[in-house]
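Q: Got a structure for you, written out below as structure tokens; questions coming shortly.
Just so it is clear, none of the values below were taken in a lab; they were calculated from the coordinates. Everything quoted here is computed from the prediction, not taken from an experiment. Cβ coordinates were reconstructed from backbone atoms using ideal geometry, including for glycine residues, and neighbour counts include every protein chain displayed.
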Amino acid sequence: MGVWRRRVVVVFKDPPTGSVSSVTAEVTSSMFSRSVNISRSSFRLNCSLSQLNRLSSTALQRKHHFLRATFKTSHHSPCHSFYTPSFVLSSRCFSQSPPSMDLKTVLEVLEQLAPLSLAESWDNVGLLVEPSKQRPVKTILLTNDLTADVMDEAEAMTCDLIVSYHPPLFRPFKRLVQKDWKQQLAIRAIESGIAVFSPHTSWDSVKDGLNDWLIEGVGRGQVSVLKQAHCSGYQKHRLEFTARNEEELNNILKDIKTENNETFQYNILRTEQEAQHVILTCSSSELTPAVQAILNSATASQSLNITQVQQPPLLGCGQGRHAVLDEPMSTASALQRVKKHLGLPYLRLALGNQKTLDSVVKSVAVCAGSGASVLQGVKADLYITGEMSHHEVLDAVSKGTSVILSDHSNSERGFLPVFKERLAARLPDSVSVIISQKDRDPLQVM
Ligand SMILES: [Zn+2]
């Protein structure tokens, strides 16, 4: 025979000053043997329903109202264990109903913080799983990677939205079956009614985003973008030509219009005697018909000049960062700073040719994750990224550039607390933003 017990996630509406652990110790010490802090305002414990009611009363007496308590029932037997569907416990701890927020509004906030248009064209960002039944978003789980462990965690806390930095769905698939672990996760998200959103390279690119956070770890400096982002929009072309007179210009414009749905624009720069000097701006799809129409006129074809219109750069946005440090430091100091910034006991360092730990680092280039393609050819004393291949490291070292590698996701994960603060500040108190405790880089230095 098995034993019934409940795993409860309690979210405080108004956590008092100090950490939740002090409060949980206060209200739980006499009743529960095990409680785990999830964040500053929430914790998890195992208890029975009557114990949970006692916890509610104690918390109310201490004026620490719960925003909500959600729990799962688990049945443990010698042979197997399973979870019944989770449900929200309606309890007298709901002191008032907080304003709810729907998924669409939360997605708008996420996009305000990092527009999806900043993502690389090969990427798969945005809303990846959308539940059919709308429910207010009360709990958002932030994770670097969506793994089975993180999905367990999301389900246990009755999460409504998972923000997974890396897109858990990337390659297209033709079926949803249990054979593939990513498809399993998609199915679990759908069955649990959990939405999944991925920002990926939009976070890398945005000003004050992941790469700016990464380079800050070394020190202050003059920061520039390695691969500049540009305003999104259709590619445009500018055609400059001269028509013999107004009648010829009208004929050319008429030809272009009949060929195409007119979205082009034109300006008459100046008129000399009867000649019309014109600038016409059009999209890529309109370029060929426009050129065709102009070539039909002898005068216009002789004067035709075509240029491609560049979209303006989005200052401060793009992939990778370079910094000229305000205060140059030794390679050893830079290494220590990066360890502290990433919260890691170990990093891998390849010293550049003729370099030692005492060599001065004046300039740094970073790219979160797998940065070799962005860092390639960049002049800097030090590269910092998550991973590079053996030969890519050798290339950098041969040019006198030292390389620090942290393992892929260790160069990214530390941005989650920064993003959490920004997101929570833009959402009502009714929404809890929680960082996954299960998310970690799969590689460990043993
Ligand atoms: Zn990555």
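Q: Simple spin-label model, 7 Å along Cα-to-Cβ: HIS390 to SER121 in nm?
A: 3.4
Q: Counting other C-beta atoms within 10 Å, which of ASP358, ASP145 has the fewest, and how do the rest follow?
A: ASP358, ASP145
Q: In what sequence, highest mean first, do 189-195, 170-176 appear when ranked by Cβ atoms within 10 angstrom?
A: Per-residue Cβ counts within 10 Å, averaged per peptide and sorted highest first, yield 189-195, 170-176.
Q: In addition: Label-point separation (nm) for VAL418 and SER398, each offset 7 Å from Cα along Cα-to-Cβ?
A: So the two model labels end up 3.3 nm from each other.
Q: Related question: Applying 1/(1 + (r/R0)^6) with R0 = 56 Å to the Cβ-Cβ distance of HIS277 and ASP149, what FRET efficiency is obtained, to the nearest 0.05?
A: It comes out at approximately 0.25.
Q: Separate question: Give the residue list of chymotrypsin sites (Phe, Trp or Tyr not before Pro) in the stretch 179-284 that are DSSP loop and have at most 16 other beta-carbon atoms within 10 angstrom.
A: Those that pass, being in a loop and sparsely packed, are TYR234.
Q: Please list, ordered by chain and number, the residues whose modelled amide H lies under 5 Å from the amide H of VAL206; skip anything fewer than 5 residues away on the same chain.
A: For VAL206, the qualifying residues are GLY318.
Q: Could you name the lysines whose alpha carbon sits less than 20 Å from that of LYS257, not counting residues in the same chain fewer than 8 places away?
A: The qualifying lysines are LYS236.
Q: Could I ask something else about it? Output the peptides 364-372, 295-303 sorted from most to least packed, where packing is the average of other Cβ atoms within 10 Å over each peptide's residues.
A: In descending order of packing, they fall as 364-372, 295-303.
Q: Beta carbons within 10 angstrom, averaged per residue: use that to sort the peptides 146-158, 389-401, highest first.
A: Sorting 146-158, 389-401 by mean packing, highest first, produces 146-158, 389-401.
Q: Sequence gap at least 6, Cα distance under 8 Å: using those rules, report the relative contact order of the stretch 236-309 to the nearest whole percent.
A: 50
Q: Name the lysines eligible as straight-distance cross-link partners of LYS179: C-alpha to C-alpha under 26 Å, and not fewer than 8 places from it in the same chain.
A: LYS438
Q: Find how many whole Å separate the alpha carbon centroid of the stretch 268-333 from the alpha carbon centroid of the stretch 140-172.
A: Comparing the Cα centres of the stretch 140-172 and the stretch 268-333, I get a distance of 42 Å.
Q: Give the lysines reachable from LYS104 as a straight Cα distance under 16 Å; neighbours fewer than 8 places away on the same chain don't count.
A: LYS133, LYS138
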